[in-house]
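What follows is a single structure, written as C-alpha cells, with notes after it.
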Amino acid sequence: MKLHVNGKNHELDVEPEMPLLWALRDELDIKGPKYGCGIAQCGACTVLLNGEPVRSCSYPVSSADGQKVVSIEGLADKGKLHAVQQAWIDHQVPQCGYCQGGQILAAVALLKKKPKPTDQDIDAAMTHICRCGTYARIRTAIHAAARQAGGKS
Amino acid sequence: MNHLSINRRLFLQVSGSTAATLSLGFVWPQSAVAADSTEVNAWIDIHPDESVVIRYARTEMGQGSRTSAPMLIAEELEVDWKKVRIVDVPAHDNLRRKRVYGDMASVGSRTIRNSQDYLRKAGAAARIMLVEAAAQRFGVSASECKASMGMVVHSASGKKLSYGQLAGDAAKLTPPKDIPLKDPKTWTLAGKSLPRVDIADIVTGKIRYGVDVQLPGMLHAAIAQSPVFGGKATTVDSSKVDNRRGIVKVINLGEFVAVVADNWWRAKEALRDVSIEWDNGKNGAVNSAQIMQVYRDGLSHKEPAIARNDGDTLAALAAGQVVEAEYYTPYLAHATMEPMVCTAMWTENQLDIWASTQNPESTLTAAASTADIAQEKVRVYAMQMGGGLGRKSPQDFTRQAVAIAMQIPGKPIKLMWSREEDMQHDLYRPASLVRMRATVDQVGKPNALHVRVSAPSLFSQLLRMPLQNGVDQQAVACFNDHPYAIPNTLVDFAIRTTHVPVGFWRTVGHSQNPFVRECFLDELAHAAGQDPLAYRLSLLPDNEKANRDKSILQAVAKAADWGKPLPKGVHRGIASVDGYGSWTACVCEVSVNARGEVKIHRIVIGIDPGYAVNPDNINAQLQGSVVHGLTAIFWGEMTFKDGRVEQSNFHDYRMMRMNEMPKVETVIAATGGFWGGVGEPAQAPLAPALGNALFAATGKRIRSLPLKNHGLSLARA
C-alpha cells in the first residue's frame, strides 16, 4: 500500500481495514490527527484526502491507497502558514488544542468550496466537537481567513 | 541545561524537528540553548544572547496559565517578553530540588492565585540581583540604577549593561530577603492581553500531547476494565488473538485486562476478541432508580453533619409558612477530548513516565508506589493535555500503565483508554439531591433557610481524607458561605456513598449547587413579586465580600441591559455566585417555543477575579465555561443499569456543537485587592441564570437537570 502524506510517499504493509488514523499515528508517526471517539463523531482525527475532509478514525487505510493525504503538519507551505492557521493564531482560537488540527482542516476545505461562507455554511461544515468551547472564536477566525484570502485575490 | 535528564534528551531526539515545541520556547524565535547560560534563580535562566528562560511548574490543558504565570515573573523581572522562552519543569526536578517550585498541580483554578506571590517575588528578586550586579560594576548605588527591557541603566551617567552581561555576577549575589512587589496598577506586561505561548505550535500540529509520545521500541496498550465498578476479571482466554499480527502480550491484572501490541488499533481490536469472565461483586444489579433511592433517603436522614448554623432555623421554620423545593443535579462524565493516557518505561532500577496529568507530583508518587520503588528513581514528564476538566488529577491510568510496563521491562508502553473506557470508567461528577426550605417575612425576604444536601463526598470517597465535622466542603459549596442576609441559616449534609466512583469535575460543587441556591432565590423573588436583581441586591449586606457580589451583579446587569424591555417572547434570568476566589454573575435571554425548543438570544457572563493577568485568556475561559456548562445543562447525565454506566461515546453522551453556540458577551470587571481563579468559576452562575430565564419565559420552574428530561432542547443559534 502506498500513502502520499504531506508531500511524502510512504510504503505501508498493514491490514487493509486498519483505520487511516492508526496507519498515520502508529505506523508513520504523524501525530497531528487525534483519536477522540473512534466512531466519526468528534472530528479530531480529520485529515484532507484529495482535499476533502475525512474522519480518519473510521476510514480504512486501503481506501486511501495511492491518494493524497494532508494532515495538520502538512498544511503550511514551506513554513508559510495557511491563512486559516494564521487566523487561528490572530484570534487565539485554541484552548487545549486537541481538536484544532481537525477543525482547521475542515475550515480549509470549507473555504475552498465557499470562499465567503455564511454563518450557516460554517454551521453545516464545522460539526466537530470542542470540549473547551472555542466555537465562537472558530467562527470569527473563519470569517477573518475568508476576508484575508479575499483581499489577496 | 542541567535539568534535561538523559531520558528527556532521548525523547527530544526522537521527536526530531518538533522537539523544541514541547518544552522549549513556543512562539519566540529559537536560539540555540547556550551551554553557558546562568540560572539566576530556580525560575529564571539568562543567556549571553539575552534570551531568557522562564520555567513553568504547573501543567497546561488549555487554561492558559503556561502563559499567564510566566507573565507575572516577566513583569517583575523587567525583561523583553519577546526574548522569553517557557520551559516546563519536570516533577522529578521539583523533588530533587526540594520542591523549590512548590505545588505543580493545575487544579481548583489556583495556578495564578496560589503561586502569584512566589512567582512575582522570583522575578523581582532576580531583577534586584541584576541591578545590584550592575551597580557594583558601575561603582554606584543600586538605587541610582533602573532595570527595563533586559537592561540596567545608570541614569546619571547613561551607562548600561544588559542582563546577559550581568547574569553571571548577579547569580553569585545573596538573594534579597525583602522583595517589594509592584503595585499591579503599574504593570506594563501583566494585565495586557498577550498571545498564548503555545498556540502557534498547536495550529501547526507540532505540540505533542500525552497521546503523541513516541519512543524507540514503544508498544501500545489497550485495556478493558470491569464493566461493573469494583469487579474483577476471573478468567481470561486470549487464544483467539495470541498469534494475531502485532500482539505482544495479554495481561490479566484483575481490575483490568490489557492487550499490548505494536499499534494501538491492533491492541484495541484484539481486546474485543479476548474472552473475559468478570466477577461483578455485589453491585452487578444496581441501577439508577436504586441509586436515586439512596439520595432520597438522605433527605430524611436524622443525623446529618452540620455545615452552617446561624440563628435557630428549625424554630423559625416551625413558626412560619414554609416554602419548600427539591433540586437534583445528575452524575456527569468529564469526556476530555484526549482520553486517559500514560506512557511508562520500567527498567531494573528506573521508572520513566510521560503522562497527560494535571498533577505531575501525584503521578510521580503513584508511579513509585505502584512499582514499590523510591520516588528518586522515577522521572515524570507532564505532557500537553487534550483537556483535563479535573479528570487527569487522579492517577488511576498512571498506576495501570506502570503495572503493565512492569510486565514488559525495558520497553516503553503507552496505555491509552478508548473513548468507551473513558466514559464508562470515569470518576463522575457526583449527583446531588438538595431540599431547600425557607420562610419569608412580610416583605418577602427570607428569614430562615434550611438546606439539606444529600450527596457523596469527594474528599472521603475519592481522596480518602477525613471530613472535618463530617462535612464535605464541596458538597455544600455556595450554601455554607452564601452571602445573603438571612438571619437563620442551617446547612446540613447527609453523606451518600454508592458504588459509583466520583471525582472533581470542572467547577466541582459550584457546577451544581449555584443552580439550586440561585434558582430557589429566584422562586422567593417571584413569590415576593420583586425584580430578581433588586431582590438579590436587597439581600446582600454591606461587607467586603457581599459588595463584590453587588459589584459584579451590577456590572453584568448593566452590560445585559437589565430592566430594558425585550422583544415579545424573550425573557431573562440572572444569578451570581462566588467561587475559586472570584465573583461571577450571568444574565441569559431566552425564548421557548411550543415544541420546547429553547432559543438562547444572548448570554452575558462576567467575572471579578481581583486581578486580570491575561484578559483575553480570561475571556476565552468564560466563553469555554458557557459551552461546557450548556452541554451539561441540556444533555449531561450518566445513567446506570446492571451496575454499569449506560452511556459509552459521544453518540449517547451528547456534546454541544458549533451550530448551537449562542451569542456570548463577557465582562471582566477586575476590582483589585484579591486574586481569584478564572478557569472554573464562570460556569457557576450559568445554570441558574438559564433556569431563571426559563421560568420567566414559561412559568415553569426547572428543578432538575438535564433539560432534555423536561422536554426541552437547544435550538440552533
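Under the definition of partner shielding as Cβ atoms of other protein chains within 10 Å of a residue Cβ, what is the mean value for peptide B:648-655?
That works out to 4 on average.
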Inset, instruction - Please give the contour-minus-distance gain from B:Arg464 to B:Asp237: 0.36 nm per residue of separation, less the Cα-Cα distance, rounded to one decimal in nm. - result: 78.2 nm
Inset, instruction - Using R₀ = 35 Å, calculate the FRET efficiency as 1/(1 + (r/R₀)^6) where r is the Cβ-Cβ separation of B:Asp372 and B:Gln290; round to 0.05. - result: 0.35
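Based on DSSP H runs of at least 4 residues, each adding -39500 (n - 2.57), what is the mean residue ellipticity at 222 nm of chain B after dividing by all its residues, to the nearest 500 deg cm²/dmol?
Helices in chain B give a 222 nm mean residue ellipticity of -9000 deg cm²/dmol.
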Inset, instruction - Starting with the fewest neighbours, write out B:Cys478, B:Cys586, A:Cys130 ranked by other beta-carbon atoms found within 10 Å of each beta-carbon. - result: B:Cys478, A:Cys130, B:Cys586
Inset, instruction - May I ask you to derive the FRET efficiency for B:Arg99 and B:Glu348 from their Cβ-Cβ distance with R0 = 30 Å, giving the value to the nearest 0.05? - result: 0.65
Legend entry - Likely footprinting exposure, B:Ser418, A:Ser58, B:Ser141, fewest C-beta neighbours within 10 Å first: B:Ser141, A:Ser58, B:Ser418
Legend entry - Simple label model, 7 Å out from Cα along Cβ direction - B:Thr174 to B:Lys568, nm: 8.1 nm
Legend entry - Anchor A:Lys114: aspartates and glutamates whose Cα lies under 17 Å away (excluding residues fewer than 8 positions away in-chain): A:Glu52, A:Asp123
Inset, instruction - Could you name the aspartates and glutamates whose alpha carbon sits less than 15 Å from that of B:Lys700, not counting residues in the same chain fewer than 8 places away? - result: B:Glu326, B:Asp522, B:Glu523, B:Glu597
Inset, instruction - For each of B:Thr67, B:Thr343, A:Thr140, count neighbouring Cβ atoms within 10 Å of the residue's Cβ, then give the residues from fewest to most. - result: A:Thr140, B:Thr67, B:Thr343
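FRET efficiency for A:Lys2 and B:Arg244, Cβ-Cβ distance as r, R0 = 22 Å, nearest 0.05?
0.35
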Legend entry - Size of charge dipole - the stretch A:24-109 - debye, nearest 20, with Cβ of Lys, Arg +1 and Asp, Glu -1, no other charges: 120 debye
Legend entry - HN-Hα J in Hz across the stretch B:579-595 - Karplus 6.51, -1.76, 1.60, θ = phi - 60°, x for Gly and Pro: x, 6, x, 10, 10, 9, 8, 8, 10, 10, 10, 9, 9, 10, 8, 5, 8
Inset, instruction - Could you list, in their original order, any pairs among B:Lys185/B:Lys445; A:Lys80/B:Lys82; B:Lys82/B:Lys550 whose Cα atoms are separated by more than 29 Å? - result: B:Lys185/B:Lys445; B:Lys82/B:Lys550
Legend entry - Length-normalised contact order of chain A in % [C-alpha pairs under 8 Å, at least 6 apart]: 24 percent
Legend entry - Across A:Lys31/B:Lys249; A:Lys31/B:Lys268; A:Lys112/B:Lys599; B:Lys545/B:Lys663; A:Lys112/B:Lys663; B:Lys206/B:Lys377, pairs whose alpha-carbon gap is larger than 20 Å: A:Lys31/B:Lys249; A:Lys112/B:Lys599; B:Lys545/B:Lys663; A:Lys112/B:Lys663; B:Lys206/B:Lys377
Inset, instruction - As a check on your grasp of the helix formula, calculate [θ] at 222 nm for chain A: sum -39500 (n - 2.57) over DSSP H runs of n ≥ 4, divide by the residue count, round to the nearest 500. - result: -9500 deg cm²/dmol
Inset, instruction - Take every Cα pair under 8 Å in chain B that's 6+ residues apart, average their separations, divide by the length, and report that relative contact order as a whole percent. - result: 14 percent
Inset, instruction - Check every DSSP H run in chain A and write down those whose alpha carbon atoms cover 27 angstrom or more along the long axis and whose mean Kyte-Doolittle hydropathy is 1.6 or greater. - result: none
Legend entry - For peptides B:526-535, A:101-110, sequence by mean Cβ density within 10 Å, most packed first: A:101-110, B:526-535
Legend entry - For the stretch B:220-233, 3J(HN,Hα) per residue [Karplus equation, 6.51 cos²θ - 1.76 cosθ + 1.60, θ = phi - 60°, Hz, x = Gly/Pro]: 10, 10, 10, 10, 10, 9, 4, x, 8, 3, x, x, 9, 6
Inset, instruction - Output the pairs from B:Lys83/B:Lys414; A:Lys34/A:Lys68; B:Lys83/B:Lys192 with a Cα-Cα distance over 24 Å in this structure; if there are none, say none. - result: B:Lys83/B:Lys414
Inset, instruction - Please give every one of the lysines within straight-line cross-link reach of B:Lys282, meaning a C-alpha to C-alpha distance under 18 Å, and leave out same-chain neighbours fewer than 8 residues apart. - result: B:Lys232, B:Lys641
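Taken together, the values in this text are just the output of simple stated rules run on the coordinates, not laboratory data. Every value quoted in this text rests on a predicted model; they were computed, and no experiment measured them. Using ideal geometry, Cβ is built from the backbone for each residue, glycine included, and neighbour counts are taken over all protein chains shown.
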